[in-house]
Structure formats: structure tokens, C-alpha cells
Amino acid sequence: MGFQIWQMGFCFWVCFSLLSYRLSFVSSQADVAAEGDAIVEGTVFIDGKAPIGTIDDDFICATLDWWPPEKCDYGTCSWGLAGLLNLGGSLQDKVIYDTDDNQEPCTSSFVKNTSEVFGFTQGCFPMNRWDELNTFFAKAGAKIIFGLNALAGRSIKSDGSAVGAWNYTNAESFIRSTVGKNYAIHGWELGNELCGSGFEARVTANQYAADTAALQSIVQTIYRDVDLKPLVIAPGAFYDSNWFKEFVDKTTKSLDVVTHHIYNLGPVDDHLVEKILNPSILDGASRTFSGLHNIIKSSTTSATAWMGEGGGAYNSGHNLVTNSFVFSVWYLDQLGMASKYDTKTYCRQSLIGGNYGLLDTTTFVPNPDYFSALLWHRLMGRNVLSTRFAGTKKIRSYTHCAKQSKGITLLLINLDNSTTVQAKLAFNSTMTLQHKHRSRTLLHKHSSHKTMIIQLPQGSDAEISREEYHLTAKDGNLHSRTMLLNGNILSVNSSGIIPPLEPLHVNSPKPIMVAPLSIVFTHMPDVIVPACKVYEQLPTRITEHGQLPLRHTGRGQIRDTSNTVYQFGCFNQENP
């Protein structure tokens, strides 16, 4: 689960951005649907007047969990050696930092013991390993967020309640040591899944708020001579409305980021694919995102919301489901939904480890979701546009301003297994089409709550084009770990190089055809809306080669701010 990552303090984040407008569109991979497929027409309504949310440039994030090889679920031990240093996810809250002034015994790694909280004994984090990791982080050009042990000093009762204040002595020593070595930390996160009903232990919101204030004081003191101080982040837990409201209201002066986790598909079972393709179940997650969004809006806090850990199905995921093509349906829908509710960063469980890694645990070869994340990162800008689809409930639709380009990018996901969907394009405000030094402004006067269907011009205006990226499963098998882009297999070559992600170039008057059980990104650089014009004035950080940024978050998250090619294991990226 997500708790596996933040516990020890290391998780790799892959970040992307997004922008949005109210549009109606059809996705076209071919002029005709496959033989035997039904065809349904629909409309994507895009509101381009103003963004409904914004995301960070490093929106996409992937966690690196620290479970030891002995972490097993349903008879399968799927973590292997992915948990570097044998440090495990939920075990973040059982770590001792072996600093020079540490007074506690710190001689061993985690040992499996079912009588212990989280099923393992305390583990030692040696500082020479921290040095080695920071050497790696520096080479990767990564920002680091480290998850701290929040159970230190507390006693855990039989009902799971953790009593007492946080003993921050060891954590403070670790932070001082880190600063003394000039290691750059982007944020310090306190604890993992200790709120509400908790995972195996829980802390009251009032006590957690006091502990967060203590962490903020430590950060302010130790970093007093540093202009750019690390973020104070908490609680990294499952959303509980009453607990989160009390916590947010009591940390208005001490908290920078509110993190929560989501595993809305529940435990691993034989119905995961059915859940992924069920729009009602996908919609259910919106209650979590909107709930936290409303809590933050109604509070005086300046903190923002992050998805600290999203893995879909807990207990390490399901082989050939959460590491296969079908999981991109869930994953990309989550990214779109989180963005709608102003979630600034979405951290996927995991970069590597378990059955839901972006990379294969053994070979480091990218799974389908890696390519989905990369496309999102390259195409979806920061501003999010209000978007809805009319015609069928089996289409998921999200629009953002385009990233590092003019125009908008539309994401359509078809949950139906036998119906090809065509969409029209509809706006409810001024929209401009640009091409060859000329532009055409389409204005809908009055009645801003209504929409009109925009038919893209024919004739000479047909030169206006769009770029389409159609994602499908190899051989139509949803369980396949091979993804096709516009009919071509996505895979690294013998040198581990990520292939160029080339789009189809389509004349705009043609419809977009969204094939059954497929995903389509459509970039329309000639469609200019007010929400994106505003964004064009904002500074953006350009990342060369489109590599996946990394953020190391205490529990282990990494954000990349470099413009260098990111390499991990046996593959790298060189093609923009």
C-alpha cells in the first residue's frame, strides 16, 4: 500500500502538469470503427473562460516503497529487492536514524514479527546509506521529500490508539545532520497513515496538529539561515472528513501541504477489472478529492492538497492487472479527477515494487502506466478546464491547457468494450482558431450558462490540425503488459532508451474516434481559449527530453528540477 512508501522516507515522484477548457470533441484513430463495433456520437463540453484548478509542474509523482523482501501478500512476495536498504513503506514509523547522538540501539534492519505493529520490528537507518542515497539524488537532479517517524515516543494501546506527544529528538538530530552535510530537502513529511481509524495505529487530530507545529518549529530553527526552507507536510493518510477538518483548522500556521492516500478499488480480488471499468466506482473517488478541497477552501490555511500515495488496490496490487494496460484507465482517470479538485501533485504507488510499479521490479522495464504518465507529463499543462461528456456514461473526459505549447489537450478514456465513440467539440465562451498567421474568433454572446456546437471550418481551414495519441492494449488484451501507441509497441530498446512518442497528425474537421477500451490524448494547438491565454503569461519550467521528474519524499519521494536526462536502472530517456 501507499503506507509502504512514506514510512521509511523514500518515494520517487514523477510529475506532470495540466490546464483545462469546456470542449466537446470526438477522438479519431481511424475514419471507421472496427467491424462489429457499435458507434455512438457524443459531445465533449469544455468551459474555457477560466481554469477550475491548477496543478504543479511536477504534478506526476511515483513513490518508492521500502518494504523488505519478506513483505508478502496473498502468498506472493512481489517486492523483491525493490525496497532499497530493506526499508519498508509502512515501516517509516518504526525507523531509528543512526545519527552520531542517537541513544537507541540501532544495529539491524527490519525483522518480520507478526506480533509487532506493521508486522516488523524496528529498523535502523545508517547514515552511510543516507550519504549514498544523496549522491544518487544529486546525480538525478532530484528534489527530496523525506517521511519522518511519527510514532517515536508514543505508546500504542490495544485498540490501536497511539498515546502521547511525538518525541522528535531522533528526527531533529537527523534533520540537523542532513543540513550539516548540505543535503537539499524539498520537504519533511510527518508520519504515514496514522489519522482517523488508522492502519494499525492512530493519533488524534489535535495531537497530530501539535506535533506538526513542533516539526515546523524544528524546520524554522535549523533552516533559519536558509532562504528557501523545506515544506512541512502531513499527515499522509486515508481521508477522514472530521479528522482532516480538525487537523487543517489547527495547522493554519504550521502546515504547507496536506497529503492523503487513496486505494479506492479495495483489496485484491477477482473483480478488479470490473471495478476499473465501472464509471460509478471511478466517480466514487471524487468524494475524497472534493471533500479535502472544500475543507481547504473553507479554512484560513494556505496549505495545498497533494495525493501522497495512490495505488488503487492495496496489499501490493494484482499481477497482470495493476501492472498491465487496464490500470492506465484507472490511473489516468485519477490524474484527471485529482486535477479537477486542485490537487497540486499526484504520487503514484509505486515507481518500483509490488505489482503496481511503473517499472518492472526485476528488469526495470517500464510498465504501461509509465508511458501513460510520461504522455500526461508532456501534454497536460497546469490549468485545468471544466469538461463533461454527453452521449454515454462510458467516456471519461478531461481537458487542460496544453503544456509548453498553445492550445488545449483533451484526454478521453473509453470504458466500453464494444462501442467506438465519436465526439463533437462544444464551447460556451469565446474561442479562437489560429493557423497560418490568421485567426478566427468564435464568440458566443450572452447566456454564458449555455453552450454552442463549434463546427471546425472546412476548405482551406482544414489545414488546422491536431495531434492524437491513441493508447491500446497489445492484441486487445487488457491484461497485457505491453501498450501500443497509435498501433506501435512501446518498449525500450537494447540500450534502455525510451522510444519517441510520436502522434498522429489529423485534420481538425475529421472526428476523433475513441476505440473500445482505449485512451486518447488529443493536442489542439490552434484552439485558443481565455483560460489558457492567462496561463501563457505565467513562467514555466521547461524540462528537456520530457523525462519523468522525481521527488524524494521522506517516505521517499523525489522531484526532479534538473534539465538532464533521468536514468534509472537499465533504461533512460533521450527523445523529446
Report the extension gain between N242 and A165 in nm, rounded to one decimal, defined as 0.36 nm multiplied by the number of residues separating them, less their alpha carbon distance. 25.6 nm
Using packing as a proxy for protection, rank 40-47, 54-61 so that the peptide with the highest average count of other Cβ atoms within 10 Å comes first. 54-61, 40-47
Label-point separation in nm, N493 to K253, each point 7 Å along Cα→Cβ: 5.9 nm
Show me the ranking of peptides 339-349, 222-232 by mean Cβ neighbours inside 10 Å, starting with the highest. 339-349, 222-232
Considering only the stretch 285-401, what is the antiparallel percent among its DSSP beta bridges, to the nearest 5? 40 percent
Could you give the length gained on full extension between D101 and K510, defined as 0.36 nm per residue of separation minus the Cα-Cα distance, in nm? 140.4 nm
Taking 37 °C and 0.692 mPa s as the conditions, I'd like the Stokes-Einstein D for the stretch 485-526 in µm²/s, using the Kirkwood hydrodynamic radius from alpha carbon pairs. 258 µm²/s
Candidate lysines for bridging to K275, where Cα separation is under 19 Å - those fewer than 8 sequence places away on the same chain excluded: K393, K394
Pull up all non-local amide H partners of V40: gap of 5 or more, or a different chain, and H-to-H distance under 5 Å with H placed in the peptide plane. T420, V421, Q422
Enumerate the lysines that K94 could reach by cross-link, defined here as Cα to Cα under 20 Å, with residues fewer than 8 away along the same chain left out. K71, K112, K157
When the accessible area of the stretch 294-418 is split by element with a 1.4 Å probe, what percent falls to carbon and sulfur? 46 percent
Of the listed peptides 171-183, 290-302, what is their order by residue-averaged count of other C-beta atoms within 10 Å, with the highest listed first? 171-183, 290-302
Would you kindly calculate the translational diffusion coefficient of the stretch 323-414, applying Stokes-Einstein with the Kirkwood radius from alpha carbon pairs, for 10 °C and a viscosity of 1.306 mPa s, and quote it in µm² s⁻¹ without decimals? 113 µm²/s
So which of K245/K297; K143/K181; K344/K533 end up more than 18 Å apart by C-alpha? K344/K533
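The values are calculated or read from the model by the stated rules, or taken from the named source; none is laboratory data. Computed from a prediction, not measured in an experiment: that's the story for all the values here. Neighbour counts run over all protein chains shown; Cβ positions are idealised from the backbone, glycine included. Note: accessible area is taken over every heavy atom of the protein model, side chains too, but ligands, DNA and RNA are not part of it. Shrake-Rupley method; radii C 1.70, N 1.55, O 1.52, S 1.80 Å.
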